[in-house]
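**Q** Below you'll find the structure I mean.
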Amino acid sequence: MKTLYLVAGARPNFMKIAPIVRAIQAHGGLAFKIIHTGQHYDREMNDVFFEELGIPQPDVFMAAGGGSHAQQTGKIMIAFEELCQKEPPDAVLVVGDVNSTLACSIVAKKLHIPVAHVEAGLRSGDRSMPEEINRLVTDSISDWFFVTEPSGVAHLEREGQPKEAIHYVGHVMVDN
């Protein structure tokens, strides 16, 4: 059975992976591991979502929180690379636009592991926002794009992503 790593590291990620976990469990044809980078780590930004949304506890907790954007991203990349080299998944699924999304997509791509991005194609046009940089970089290296709104499809097509890799699936936050 193929194994998918579901990367979550910050509060919005936990809410986004919950319906994905439920769909994978209902389908039954794919193994998954929840990889918690530790970008958010206190109870109110973390544990409460696993409890309230019925998400299984993470298979891996990296404890990479704190520090500047670069420090945090670097810690996540180092820990995720070690994990992927020890136990390589068949694919990595990242959600949203946080540092964990960026860090794990870069590591996976450099290790030749396919990357799926949920909430792909979202753009603010404001490159002073760290999240916008994370979106642009993640989408430039992803293999599959799961898009939550029509503008995302247009952005990805304009950026030259292959149409067959773009999937308009609706919004996982609404699914919750």
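**Q** Roughly what would the spin-label model give for Met1 and Arg22, points 7 Å off Cα along C-beta, in nm?
**A** 2.0
**Q** Could I ask something else about it? Relative to the present Cα-Cα distance, how much length would full extension add between Ala70 and Arg158 at 0.36 nm per residue of separation?
**A** 28.8 nm
**Q** Using θ = phi - 60° and the Karplus curve 6.51 cos²θ - 1.76 cosθ + 1.60, what whole-Hz ³J(HN,Hα) does each residue of region 56-64 get, with Gly and Pro shown as x?
**A** Couplings: x, 4, x, 6, 9, 10, 8, 6, 9 Hz.
**Q** Let me ask something additional. Modelling each spin label as a point 7 Å along the Cα-to-Cβ direction, I'd like the Gln85/Ser128 distance in nm, to one decimal.
**A** Placing both labels 7 Å along Cα→Cβ, they lie 4.0 nm apart.
**Q** Tell me which of Gly54, Met77, Met129 sits at the most positive position along the dipole axis of region 25-176, charges placed on C-beta atoms (Lys, Arg +1; Asp, Glu -1).
**A** Among Gly54, Met77, Met129, the one farthest towards the positive end of the dipole of region 25-176 is Met77.
**Q** Could you sort the peptides 92-100, 115-123 by per-residue average Cβ neighbour count (10 Å cutoff), highest mean leading?
**A** 92-100, 115-123
**Q** Would you pull out the residues with amide H under 5 Å of Gln39's amide H, same chain only if 5 or more places away, H placed 1.01 Å from N?
**A** Distant-sequence amide H within range of Gln39: Ala64.
**Q** From the protein chains alone at 1.4 Å, what is the descending order of accessible area for Ile78, Ile113, largest first?
**A** Ile78, Ile113
**Q** Could you give the length gained on full extension between Val137 and Lys33, defined as 0.36 nm per residue of separation minus the Cα-Cα distance, in nm?
**A** The span from Val137 to Lys33 would gain 35.1 nm if fully extended.
**Q** Could you go through region 159-168 in sequence order and give the Karplus-derived ³J(HN,Hα) for each residue, using 6.51 cos²θ - 1.76 cosθ + 1.60 with θ = phi - 60°, rounded to whole Hz, and x for Gly and Pro?
**A** 7, x, 6, x, 4, 5, 9, 9, 10, 7
**Q** Taking every DSSP beta bridge that has both residues in the chain, what percent is antiparallel when rounded to the nearest 5?
**A** Bridges in the chain are about 0 percent antiparallel.
The values are calculated or read from the model by the stated rules, or taken from the named source; none is laboratory data. A quick note: this is a predicted structure, and the numbers were derived from the prediction, not measured. So basically every Cβ, Gly included, is an ideal-geometry build from the backbone, and we count neighbours across all protein chains shown. Calculation scope for accessible area: heavy atoms of the full protein, side chains included, ligands and nucleic acids excluded. Shrake-Rupley method; radii C 1.70, N 1.55, O 1.52, S 1.80 Å.
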